[in-house]
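Student: One structure, as structure tokens, below. Some questions next.
The values are calculated or read from the model by the stated rules, or taken from the named source; none is laboratory data. These figures come from a predicted structure and were not determined experimentally. No Cβ is skipped: glycine too gets one built from the backbone with ideal geometry, and neighbour counts run over all protein chains shown. Just so you know, the surface numbers come from the protein's heavy atoms only, side chains and all, with ligands and any DNA or RNA stripped out. Shrake-Rupley method; radii C 1.70, N 1.55, O 1.52, S 1.80 Å.
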Amino acid sequence: MTEEIDIADPIRTRGILERYGLNAKKSLGQNFLTRPQILKDIVSAAEISEADDVIEVGPGIGALTEQLARHAHHVLAFEIDDNLLNVLDETLAPYQNITIINGDILQVDLPKVVSEELDGKHTLKVVANLPYYITTPILKGLLQSPLTLDQIVVMMQKEVADRLNAVPGTKAYGSLSVAVQLEMNVNVEFEVPKTAFVPQPKVDSAIVKLTHREPREVQPYSKDAFFKTVHGCFAHRRKTLWNNLVGIYGKDDETKAKLEAVLAKLEIKPGVRPERLTVDDFVRLTNELK
Ligand code: SAM
């Protein structure tokens, strides 16, 4: 087996950046993880084996990529910063099972790249230390992607992890919680202190594992419509569900009568706040509002 390099050592990380004349870019969410044990724990949490191909978002200088490559069949990593490509060429040189794509994960045609670069015979997982400034769009993109993803194991700000995992009626519960929990089980695997990164972010982080939950008894007729309903209902958190709904659908008498009928049928009180509704409530609401 290839000899392990352990790229993620704080001194080594600073040394590599210095040697290439690079400063971590705040605007790209560049906080490099510098604890070898945490990288190994992430790979364990994702249960990576030779049976898996892994998509990584933002390999940075390759610390997590190396650990993934040591266990997976193949790693397909998307890095937006072209200044890091030479670094990755050097740090990951010993590994033959890594493809680095220079591009923006929010812009690439992921299913197309996956079909071009991977053999389609392995289980597909996403494992990443996400760039925090785009955690939500990345997650929403992955959840809406036509790819069959076995699981998603990602590092994010602890506060966002709490939102993903939140239950109805709590402050953290919102459109992101509902969007993710529609089809996924959310498990916060472990927390990571800010001191584990170079440079240090302002907040602590957590590793979250998303796996597919049993299909719900009632499914939304369209996921797109579901996400739009949820987004609309949470547009103004402090307003009642009723006020959010008339904000989306209109205030004319006919619309109001229809909305009243829908809420009555679902036995949802118009005066509740949106955060009181369960995921199943949002599914039923979406279907009745069709
Ligand atoms: N994986 C490395 C680690 O764990 O140390 C770096 C993680 S760092 C938090 C986030 C990485 O995502 C950076 O390398 C950054 O350049 C990259 N990145 C930021 N925005 C991106 C985007 N839109 N598409 C792809 N990569 C992006």
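Student: Can you order the peptides 173-180, 120-127 by their average number of other Cβ atoms within 10 Å per residue, highest first?
Tutor: 173-180, 120-127
Student: For residue 151, enumerate residues with amide H under 5 Å from its amide H, sequence gap 5+ or separate chain, H modeled in the peptide plane.
Tutor: 126
Student: Carbon and sulfur: what percent of the chain's accessible surface (1.4 Å probe)?
Tutor: Roughly 48 percent, rounded to a whole number.
Student: Report the relative contact order of the chain, percent, no decimals, based on alpha-carbon pairs under 8 angstrom and at least 6 residues apart. Don't skip to the answer; put the middle values down first.
Tutor: On the way: 467 pairs, mean separation 45.1, N = 290.
Contact order relative to length: 16 percent.
Student: In addition: For the chain, take the longest principal axis of its alpha carbons; what is the angle in degrees between that and the long axis of helix 135-144, to the nearest 10 within 0 to 90?
Tutor: Between helix and principal axis, roughly 70 degrees.
Student: Here's another thing I want to ask about it. Looking at the square roots a ≥ b ≥ c of the eigenvalues of the Cα gyration tensor of the range 1-117, which shape do they give, rounded for a/c under 1.5, prolate if a/b is larger than b/c, or oblate?
Tutor: oblate
Student: Add +1 for every Lys or Arg and -1 for every Asp or Glu among the other residues with Cβ under 12 Å from the Cβ of residue 141, and state the total.
Tutor: -1
Student: So for the range 170-290, Kirkwood radius off the Cα pairs, Stokes-Einstein at 37 °C and 0.692 mPa s: how many µm² s⁻¹?
Tutor: In µm²/s, the coefficient is 204.
Student: Just to confirm a number: summing +1 for Lys and Arg and -1 for Asp and Glu over residues other than residue 159 whose beta-carbon lies under 15 angstrom from that of residue 159, what do you get?
Tutor: Neighbour charge sum, excluding residue 159 itself: +2.
Student: Then there is this: Are there GluC sites (Glu not before Pro) in the range 140-242 that DSSP puts in a loop and that have at most 13 other Cβ atoms within 10 Å, and which ones? Provide the component values of the computation, followed by the final result.
Tutor: Working: sites: 159, 183, 189, 191, 217; in loops: 183, 217.
For GluC sites (Glu not before Pro) across the range 140-242 that sit outside H, G, I, E and B with at most 13 neighbouring Cβ atoms in 10 Å, the list reads 217.
Student: Something else now. Report the residues of the range 258-277 in range of a label on residue 239: point 7 Å along Cα→C-beta, backbone N strictly under 15 Å from it.
Tutor: 270-275
Student: Expressed as an acute angle from 0 to 90° and rounded to the nearest 10, what is the orientation of the C-alpha long axis of helix 253-266 relative to the principal long axis of the chain?
Tutor: 70 degrees
Student: Pull out a ≥ b ≥ c, the square roots of the eigenvalues of the alpha-carbon gyration tensor of the range 86-226, then state rounded if a/c is under 1.5, prolate if not and a/b is larger than b/c, and oblate in the remaining case.
Tutor: oblate
Student: Please state the shape class of the range 1-41: rounded when a/c is under 1.5, otherwise prolate if a/b exceeds b/c and oblate if not, all from the C-alpha gyration tensor.
Tutor: Working: a/c = 2.53, a/b = 1.50, b/c = 1.68.
Note, shape of the range 1-41 comes out oblate.
Student: Measure nothing but the geometry: give the 0 to 90° angle between the long axis through the Cα atoms of 36-45 and the longest principal axis through the Cα atoms of the chain, rounded to 10°.
Tutor: The two axes meet at around 50 degrees.
Student: Which of the lysines could a cross-linker bridge to residue 171, judged by Cα under 23 Å and excluding same-chain residues fewer than eight apart?
Tutor: Within the straight-line limit of under 23 Å, residue 171 reaches these lysines: 140, 158, 202, 209, 228, 239, 269.
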